[in-house]
């Protein structure tokens, strides 16, 4: 039982790294498509280039949302809701320090931090609900990407990207 919350934390960190890699791959894909469209003949004035630009900007903005979503690990966010019953207090001291370092705070973690100290140091009461915002944003992002890719694919099948 003692290792389970820490494994969930590690799983969350792995998800963050995987999402970052996927985001980079999507951005590079948009860049390749954009460069193809930009340098292909007779295609520099097409509105599809604008669509690709907006998708690339939108994907870049997603990095900000992704960062805020994972900025403070969920195991530390649970301290404000659960207090001493939080899974954070089940961790070993070195695991607690590892989780604390991921929160980005330079303040040293005390040996036995109180929930009030963690909440005030991380300013959890003043924080936007980034977990909820991130989930809504992911749904919106996937919808926009799917519609845009459908549009780009249909234009490609109809015109072959030629004006």
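Tell me, please, whether a residue that is in contact with a helix residue (DSSP H, G or I) (Cβ under 9 Å, 6 or more places away or on another chain) and under 30 Å from residue 28 (Cβ atoms) can be found in segment 73-80. Explain how you work it out, then say what you get.
Filtering segment 73-80 for residues in contact with a helix residue (DSSP H, G or I) (Cβ under 9 Å, 6 or more places away or on another chain) gives 73-80.
From what is left, the residues that are under 30 Å from residue 28 (Cβ atoms) are 73-74.
Scanning segment 73-80, I find at least one residue that is in contact with a helix residue (DSSP H, G or I) (Cβ under 9 Å, 6 or more places away or on another chain) and under 30 Å from residue 28 (Cβ atoms), so the answer is yes.
For residue 52, state whether it is more than 30 Å from residue 100 (Cα to Cα), touching a helix residue (DSSP H, G or I) at 6+ places or on another chain (Cβ under 8 Å), modelled with pLDDT of 75 or more and in a helix (DSSP H, G or I). Yes. Of all residues in segment 61-97, those being touching a residue at least 40 places away in the same chain (Cβ under 8 Å) and either in a helix (DSSP H, G or I) or within 30 Å of residue 144 (Cβ to Cβ) (or both) number 20. Scan segment 107-119 and tell me whether some residue there is closer than 28 Å to residue 133 by Cα, part of a helix (DSSP H, G or I), over 13 Å from the mean Cα position of the chain (by Cα) and at pLDDT below 90. No; the residues of segment 107-119 include none that is closer than 28 Å to residue 133 by Cα, part of a helix (DSSP H, G or I), over 13 Å from the mean Cα position of the chain (by Cα) and at pLDDT below 90. Taken together, 97, 131, 68 contain a single residue that is at pLDDT 90 or above, closer than 23 Å to residue 14 by Cβ, surrounded by 12 or more Cβ atoms within 10 Å (Cβ to Cβ) and out of contact with any helix residue (DSSP H, G or I) (no Cβ under 8 Å at 6 or more places or on another chain), which is 97.
The values are calculated or read from the model by the stated rules, or taken from the named source; none is laboratory data. What you see is a predicted model, and the numbers here were worked out from it, not measured in a lab. So basically every Cβ, Gly included, is an ideal-geometry build from the backbone, and we count neighbours across all protein chains shown.
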